Amino acid sequence: MSALAQAVDSMAERWRARLRDGRHTLREAYAVGMSPGRLLHQHARLIDRVLVEVWRALAPVRGGALVATGGYGRGELFPHSDVDLLVLLARDPSPQEHERLAKLIGLLWDIGIEAGHSVRTVESCVESARADVTVETALLEARRLAGSAALYRHLAAAVARMRDPGAFLRAKQLEQEQRHAKHQDTPYSLEPNLKEAPGGLRDLQVIRWIARACGLGERWRDLEREQLLQHAEALQLARHEALLQDLRIRLHYLAARREDRIVFDYQNALAEQCGLRSAGSRRAGERLMQRYYRNAKGVTQLNAILLQNLAARLAPPDATPPRALNERFQVRGELLEAQDEALFERCPRAILESFLLLQQHPGLRGMTATTLRALWRARARVDAAFRRDPVAQLLFLSILQQPRGIVHESRRMNQYDILGRYLPEFGRIVGQMQHDLFHVYTVDQHILMVLRNLRRFTMPELAHEFPLCSQLMSGFERRWLIYIAALFHDIAKGRGGDHSELGARDARRFCRRHGLAREDSELVAFLVEHHLSLSAVAQKQDVHDPEVVRAFAARVGDERRLTALYLLTVADVRGTSPKVWNAWKAKLLEDLFRAARRVLAGELPQTETVVAEKQAEAARLLRLYALSPLVEQPLWAQLDTPYYLRHDAQEIAWQTRNLHYRVQAPAPVVKARLAPMGEGLQVMVYAPDREQLFARICGYFERAGFNIVEAKIHTTRHGYALDTFLVLGEGRGVHYRDLISLIENGLAEELASKAPLAPPRSGRLSRRVRHYPVSPVVDIRPDERGAYQVLSIVAADRPGLLYGLARVLAGHRINVHSAKINTLGDRAEDVFLLSGDALADAKSVLRLEQELLAALQV
């Protein structure tokens, strides 16, 4: 080894130790109160000193320079971020210089500097910057560390000459749009990327980059000096930036690596570091995320306003004179403009009028920069006096009554803090996450998603999506009342108590304040208070039971309420998560709606009539298959009334067609078909009844990778099990037709087995369940008629959950008569109808509940 190599090795150990000790010192200082900005600056200075020594010790190229770029170039370096470097050359490197440069980069990684590097001449830098705005942006923040100052000045001058501020702004706007699209254009992800997502650090950096490229400065106070920001706004941006920097620094330290997503694994630990504690039903992590979401919303607000203001500063003056719209507003180009910048301060109700005008004039695509800035600065004028203003109240109702633009302008009002100020109850739930394992949006975003779903029912071009909903909505008078109910249905989330009842009180106050007729007010309050009722009955009770339907119809009261409740329910379920809605849920809701509507219309058929009608229709369907009359009688003689009530005529005909010639079949019969509602498979099992049959069936489906969403369990008069299951495959794009024979053969073979039940698999839990667990709930109580016991469970969903429950029930010799398996994202809410001797003894029921709770524990 040469003397130089030995010297470098010795220095490398010293540099490695200096970096390790320096970073440790910074981490300790940060733990006791160092500011985020100071830590980033001090970390960059620490790296600067080591890099300068390394460059001088190795002297890799003659006449070159070592340049910091990107975030490191502006003097900010997060604990585990890459160190962006440019080796600037006066000419193409020689083979020896190539070798020395490779050693330089290798040495940097060896001593603990994760370098992202490029090696270029001035000419190649300019060429790359012309072709790629990201390179131009990196060079915008370049800073010389060591080497030729003259060469660095040459680079800076060349890059400045080629820069076009207007083109740079447009390129960064397009880049931001593409970046936002990758994050679904929302800052409200469950695990947001606080660097790249909307409302993250990058949105602030974009403003700095454009301002710097335009020669307007690089700090918030520079933009204040240029009258692009007010002093309070500059302070607000600094606070937003400090919070994001603080969270990112802590994330890097917690993960011991570069981690920019606030993943579930770190949310609670991060919250505790920030001094947040769990309070009531809200975990510390939930409180942290609400703080983050509100911060992100503030960033997106100011980002949009500043980008529009910067674009207006760079744009040439519009020679076209504005066109007056009324005495307060005019149209400039395609934008709405206040005729007087002080309009909103002088006449606050014009704030709501501006959104109404955007709805009423489809040619308008937004507000001018000056008007948007004036509206933003006047938002505090939406206060208690404003809310009492009859004209403002009329304007707000008019926004909800327009034929177009309701969702767009509601989102715009929310974006600029107008909606939350006009409805203070709404303002309290802005950015509030719902860790109930099935909502994937914050409460405010979910509410606006429900409003969007309702509006889609009014659009003829989208009638193919939900034909019944579109038909019902088209004939519904004053449909804007359902929109009001949508705004209030979850508005009381997080307050403690029943959010439906609390929200109904808020809705009644709103209706009273806005002068709605009593009938309309009662409809809105009813919808808010009962917005979960239709879904709960459909998914947890037997919608084919006339008594269930009669009780539900009695609670609703009339057809107008029923229609509105059905529309709101479909929009609500679809607005929780893309994973929650499926064809099975759609059919349950529609079946209950249609049945309740018949009852409310005065059709109250007796049980005998219902059974006779289903038998007649099933017999008619059997004749279509050329089956002779009365062929169904041997099977139907073994079926009792509950069977006919819980199955529709089409199901009865399908089962009869497959069983009429083997009523006394000694071996299990398994038949499967595509589910009638178009998603999943319907599987029929017919076999001599025996213990553990339900558990064995559940075990097969669990091992085969199917989810049971509904089970109808029936025992015939002659002791056969006639069970029907609706199952869904895992993931999307399942080819169900190809799986029919697999299930028919595999399940029949499993049922013929005498082997003991296999233990449940220990399925993998989602990270959301691990960090936001659901406390399991088990409730056993008699049904209203005292014929059966109803078992209700709530738990975090996981593979093998249903099979584990079935094993416990089988161990207590409990008979399962029906099962409604309701999976909401990562949350299971299942209902079983049970019977068995053990359910008559209080001590046995207690033991059963304890074993079920143990099976539900994750």
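The values are calculated or read from the model by the stated rules, or taken from the named source; none is laboratory data. The structure displayed is predicted, hence computed values, not measured ones. In this analysis, Cβ positions are derived from the backbone assuming ideal geometry, glycine residues included, and neighbour counts consider all displayed protein chains. Ligands, DNA and RNA are excluded from the accessible area calculation, which covers all protein heavy atoms including side chains. Shrake-Rupley method; radii C 1.70, N 1.55, O 1.52, S 1.80 Å.
Worth a mention:
- Output for region 548-578, where each listed residue is assigned to a helix (DSSP H, G or I), open to solvent by less than 10 Å² (accessible area, probe 1.4 Å) and in contact with a His (Cβ under 9 Å, 6 or more places away or on another chain): 556, 565, 568, 569
- Residues that are among the hydrophobic types (A, V, I, L, M, F, W, C) and either at pLDDT 95 or above or open to solvent by less than 50 Å² (accessible area, probe 1.4 Å) (or both), drawn from region 175-194: 190, 194
- Extreme residue, surrounded by the fewest Cβ atoms within 10 Å (Cβ to Cβ), among residues of region 200-259 that are of a type in the set (Gly, Ala, Ser) and under 28 Å from residue 167 (Cα atoms): 215
- Hits in region 800-858 (condition: over 36 Å from the mean Cα position of the chain (by Cα) and of a type in the set (Asp, Glu)): 837, 841
- When residues in region 700-709 are screened for being open to solvent by less than 30 Å² (accessible area, probe 1.4 Å) and under 27 Å from the mean Cα position of the chain (by Cα), 4 of them pass.
- Only one of 479, 550, 513, 518 that is more than 24 Å from the chain's Cα centre (by Cα) and touching a residue at least 60 places away in the same chain (Cβ under 8 Å): 513
- Selection within region 409-451 - at pLDDT 95 or above, touching a Ser or Thr at 6+ places or on another chain (Cβ under 9 Å) and open to solvent by 10 Å² or more (accessible area, probe 1.4 Å): none
- Test: residue in region 716-723 that is over 34 Å from the mean Cα position of the chain (by Cα), open to solvent by less than 40 Å² (accessible area, probe 1.4 Å), among the β-branched types (Val, Ile, Thr) and at pLDDT 90 or above: yes
- Count of region 827-858 residues, restricted to those that are in a helix (DSSP H, G or I) and of a type in the set (Asp, Glu), is 3.
- From the list 622, 635, the one residue that fits, being part of a helix (DSSP H, G or I), more than 19 Å from residue 715 (Cβ to Cβ) and touching a helix residue (DSSP H, G or I) at 6+ places or on another chain (Cβ under 6 Å), is 622.
- Hey, residue 128 touching a helix residue (DSSP H, G or I) at 6+ places or on another chain (Cβ under 6 Å), of a type in the set (S, T, N, Q), surrounded by 14 or more Cβ atoms within 10 Å (Cβ to Cβ) and farther than 20 Å from residue 218 by Cα or not: yes
- Residue in region 241-254 that is among the basic types (Lys, Arg), in contact with a His (Cβ under 9 Å, 6 or more places away or on another chain) and in contact (Cβ under 8 Å) with a residue 60 or more places away in the chain present: no
- Given (1) in contact with a Phe, Trp or Tyr (Cβ under 8 Å, 6 or more places away or on another chain); (2) at pLDDT 85 or above, index of the condition residue 772 fails: (2)
- Scope region 515-547; condition open to solvent by 10 Å² or more (accessible area, probe 1.4 Å), in contact with a Ser or Thr (Cβ under 9 Å, 6 or more places away or on another chain) and either among the small types (Gly, Ala, Ser) or closer than 13 Å to residue 488 by Cβ (or both); matching residues: 529, 530, 533, 535
- Single residue of 102, 68, 44, 29 found to be more than 25 Å from residue 9 (Cα to Cα) and not polar (S, T, N, Q): 29
- Every condition in (1) open to solvent by 20 Å² or more (accessible area, probe 1.4 Å); (2) outside any helix (DSSP H, G or I) holds for residue 663 except the one numbered (1).
- When region 724-740 is filtered for residues that are at pLDDT 90 or above, touching a strand residue (DSSP E or B) at 6+ places or on another chain (Cβ under 6 Å) and open to solvent by 20 Å² or more (accessible area, probe 1.4 Å), only 740 remains.
- Those residues of region 195-207 which are within 17 Å of residue 301 (Cβ to Cβ) and either outside any helix (DSSP H, G or I) or modelled with pLDDT under 95 (or both), in sequence order: 197, 198, 199, 200
- Flag if residue 704 is in contact with a strand residue (DSSP E or B) (Cβ under 6 Å, 6 or more places away or on another chain) and small (Gly, Ala, Ser): no
- Considering region 680-784, the qualifying strands (runs of 3 or more DSSP E), each wholly inside and each with 2 or more residues that are without any contact (Cβ under 8 Å) to a residue 40 or more places away in the chain, run over 681-688, 720-729, 777-782.
- Against the list (1) under 26 Å from residue 284 (Cα atoms); (2) open to solvent by 10 Å² or more (accessible area, probe 1.4 Å); (3) under 24 Å from the mean Cα position of the chain (by Cα); (4) not hydroxyl-bearing (Ser, Thr, Tyr), the condition residue 466 fails is (1).
- Here residue 80 passes the criteria (1) open to solvent by less than 60 Å² (accessible area, probe 1.4 Å); (2) under 29 Å from residue 273 (Cβ atoms) except the one numbered (1).
- In the set 140, 155, only one residue is more than 41 Å from the chain's Cα centre (by Cα) and buried (at least 19 other Cβ atoms within 10 Å of the Cβ); that residue is 155.
- Some residue of region 509-519 being farther than 12 Å from residue 567 by Cβ and touching a helix residue (DSSP H, G or I) at 6+ places or on another chain (Cβ under 6 Å): yes
- Residues satisfying the stated conditions in region 29-45, i.e. under 36 Å from the mean Cα position of the chain (by Cα), open to solvent by 20 Å² or more (accessible area, probe 1.4 Å) and not β-branched (Val, Ile, Thr): 31, 33, 34, 35, 36, 37, 38, 41
- Failed criterion for residue 675 (all others in (1) open to solvent by less than 10 Å² (accessible area, probe 1.4 Å); (2) more than 38 Å from the chain's Cα centre (by Cα) hold): (2)
- Residues of region 813-826 satisfying the condition of being in a strand (DSSP E or B) and among the small types (Gly, Ala, Ser): 818, 819
- Filter pass, residue 476 being more than 30 Å from residue 791 (Cα to Cα), at pLDDT 95 or above and open to solvent by less than 40 Å² (accessible area, probe 1.4 Å): yes
- The set of residues in region 685-699 being surrounded by fewer than 22 Cβ atoms within 10 Å (Cβ to Cβ) and of a type in the set (Lys, Arg) consists of 690 alone.
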